Every structure is written in structure tokens, then in C-alpha cells.
Amino acid sequence: MIHQLSIANLSLEEKIGQLFFIGIAGPTLDKETESLLREIRPGGVCLFARNIKELNQTRQLLDGLANSLSVYPFLSVDQEGGLVDRLRRVMTPAPAAARFRAKEDISEFAKITAESLRLLGFKIDLAPLVDVITEERQDAGNGMYSRGFGRDNEQVADLAGAFLTTLQQNGVIGCLKHFPGLGAAQADSHEELPQIPISDEELRTFDLYPYESLLGTNVEMVMTAHAAYPNSNLQQNDQNGRLLPSSLSSNFVSQLLRGGLGFDGIAITDDLEMGAIVQNYGIGEACKMAVDAGNDMLAICAKRDLIEEGHDAISNAVESGEIERDRVNRSVARILKLKRKLEDPPQFDMDRLSALTQQLADLNSRLN
């Protein structure tokens, strides 16, 4: 079923749904969740700790999500390890990226992660983070220090690249984040819009280096960041004169990521419910701006009313011609192209998951 997806067979409503990457409320496929899925028909669903209570329950939930949608969804989690470890309730806590020094250990970690995720039914890991967090940037207060591989641009590209390559070789699609780079951010975009006052030279030399190094190596997805770069020539202002977040900026998404770096995979926004966005824009307006900027998928990860508001805004914009149908088709074509590459999940195996949990514990011990 996955490999036979065709854009010609999708209705306009199904195409619009493919643009949405949503979260759900709880650990079961209850009636409210089922009605949300019927209404939105999302292209992807991301699980969080609130959805993951037991190993078998997680697999049942993901199988139920897949069976509830006419177009097979991206089933995802952002499983980085450390601070961002959505499986810590059901498996040994995973080490943070900053603890790794050797590529061999990273490759082992990626293999364990990929097999665990596949056994649970996941297709996508929204990792690795490739923000360049140098020693000079480590005290920026953005909450990201432990989440990054390496401490300079070349290390980040080398170590994060090893994770991505091994992850995808073992059947799980990765996603580079957060484009064009949050390593020098002085604030957390979950709370407010970070202003990153670096020059275009520093942006190019440090923050874009991992993307320039890795985008030619089978990168399928890139997550766009909510940040402003006031010293960059790419920075735009919105219609009210405010600094425009990079995720909503055609200069960063279309001109730089697409045109400058030649990326033709899926561009997905970071969660549009973050303070960096909702403090200044309604969710519907933000969704339209994100599509206009060049993003393919819109992440709205928690509140049903915001998911519905965003979906209604895009549907109405397509109906009125504000967003052209050809624009929707271009994104849907990218989405379906990747979905055809997804592998069917293996049979659920609790014994194997227990063994992988022990392997993760052993790796943790070695890293200490």
C-alpha cells in the first residue's frame, strides 16, 4: 500500500491533509483522536512522552494510526537521547548527543535507536540536531548544549552525519534540524523568538557547514527553525515591521535551503505552537506564511483547536486561490516520494526490545 501511493489518486482534501504533521492527546486511539484524524487526514503524526506508556501499547497505537488513515502517515518521534528522550519510560534512558566522541559509538547508538523505533512501528526520527554549539556558544541559555554532536562545525557534520547515515541504513528516516542553525541563539524558541545577531559570514562558515556537508548524502527531511537573524542580508520583516522568523521566510526556506543549497526533500517547520510563533501570529496566518515560504509540512503538535484552525486556514486559502493548487501539489509530490521509500514494520518482538534495552544500558555504561 505504501509503495503504490500516487498524487493522481488523492482528492484535494487529502492533499491538504498531507501538509499537516500533528500531535495527538493521549496513549490510545480514542474516539476524539479518531475524529481528529478523519477531519484533518494528516500526512504525519508525531508521538511524545504523553503518548508512550508501554512498549506494546505504543506499537498498538501506531498500528491503529496507520490503519485509520487512507494515505499512510509518517509515524514519527523526536528521539534524540538526553533531554529529548521520548522512550525513557519504556526503555533505558538514551545518552545525550554531547556525550559521544567516537563515531563507532554513535553508529551503535543509531542502530539501537533505529531497530527499537521500527519494532515499535515508527518510520521517522526527527533527529539529529546539527546546530553548531561551540564552547563559546555553550552558555547561551537556549537549553540546547547537551543536544548537539561535537563542538565545532566539522565535528557536528561528521558525528551527526554518522548518526543519520546509520539510522537510515537501518530503516528509519532522519531529519536534520534546526535550519539554518540555532547554535548561537540567546533564547529558547519554545518561549520566544530568538534573535541571533551573527553575520552572514559566521552563519555560512559555522551554522550552514553541516547542511552543506550533508545535503548531498541522502538527506530526506530538514526542519526549519523559528529564529531571526537581524545581521543577515536574508532577514525579512513581516507586514508590521517585525523580524520575520526564518521558518516563515522565503529568503531562508526557498532562496537559501532550496536555491542556495539545492535541497529538494521535505522541509518541515518546527512546532508552530511555540512561543516564537504564537506570540506574534495566529496559527492560521502562520500556516499560510510557512507554506508561502516554501515549507512542505506544518507541525502543530498538541492543541486540537490550533490544528483545526491551521487546517481551515490552508483549506480556505487553497479554495480562494490565495495558495495555488500547483503549490500544494509540489509539496505533496515530495511527501509521497518519501512515503514510497518507507519500509513495512517488522513483527512486534518484546524479547528483542528487551535485548536492545540492555544494549543501550551497556552503551551508557561505556560512555560514563
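Every number here is computed from the coordinates shown, using simple stated rules; none is lab data. Since this is a predicted model, take the numbers as computed values, not measurements. Every residue, glycine among them, receives a Cβ derived from its backbone with ideal geometry; neighbour counts consider all protein chains shown.
Overview of values
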{"quantity": "Amide H contacts under 5 Å for HIS178, placed H, 5+ residues apart", "calculated": "VAL130, ASP131"}
{"quantity": "Cα-projected label distance for GLU32 with GLU14, points at 7 Å along beta-carbon direction, nm", "calculated": "2.9"}
{"quantity": "Contour excess over end-to-end distance, with Cα ends at ASP351 and ARG50 and 0.36 nm allotted per residue", "calculated": "105.9 nm"}
{"quantity": "FRET efficiency, ASN67 to VAL278 (Cβ-Cβ, R0 35 Å, nearest 0.05)", "calculated": "0.60"}
{"quantity": "Backbone HN-Hα couplings from phi across segment 282-287 [Karplus 6.51/-1.76/1.60, Hz, Gly and Pro as x]", "calculated": "x, 5, x, 5, 4, 4"}
{"quantity": "Under the Karplus curve 6.51 cos²θ - 1.76 cosθ + 1.60, θ = phi - 60°, whole-Hz ³J(HN,Hα) for segment 350-356, x wherever Gly or Pro sits", "calculated": "5, 4, 5, 5, 5, 5, 5"}
{"quantity": "Nonlocal amide H pairs with ILE323, under 5 Å, H built at 1.01 Å", "calculated": "VAL318"}
{"quantity": "Label-point gap, in nm, between GLN186 and ARG242 - each point 7 angstrom along Cα→Cβ", "calculated": "1.9"}
{"quantity": "Two-site FRET efficiency, GLN138 against ARG327, from Cβ-Cβ distance with R₀ of 56 Å, rounded to 0.05", "calculated": "0.90"}
{"quantity": "Karplus-derived 3J(HN,Hα), 6.51/-1.76/1.60, for each residue of segment 26-39, Hz, glycine and proline x", "calculated": "x, x, 10, 8, 7, 4, 5, 5, 4, 5, 5, 5, 5, 6"}
{"quantity": "Mean Cα-pair separation over length for the chain, i.e. relative contact order, pairs under 8 Å, 6 or more apart, %", "calculated": "19"}
{"quantity": "Length gained when the stretch ASP152-SER315 is fully extended (0.36 nm per residue, less Cα-Cα span)", "calculated": "54.4 nm"}
{"quantity": "Extension gain, GLU104 back to LYS303 (0.36 nm per residue minus Cα-Cα distance, nm)", "calculated": "67.6 nm"}
{"quantity": "C-alpha center-to-center spacing [segment 175-219, segment 254-322] in angstrom", "calculated": "19"}
{"quantity": "Residues with amide H under 5 Å from that of ALA299, placed H, sequence gap 5 or more", "calculated": "PHE21, THR269, LEU272"}
{"quantity": "Structure-derived Rg and Dmax of the Cα atoms in Å - corresponding label in (1) 19.4, 59; (2) 21.0, 68; (3) 20.6, 64", "calculated": "(1)"}
{"quantity": "Exposure proxy ranking, count of Cβ atoms within 10 Å, fewest first, for SER107, SER189, SER199", "calculated": "SER199, SER107, SER189"}
{"quantity": "Of GLU212, GLU319, GLU14, the one that fluctuates the most in a GNM where the chain has Cα springs shorter than 10 Å", "calculated": "GLU319"}
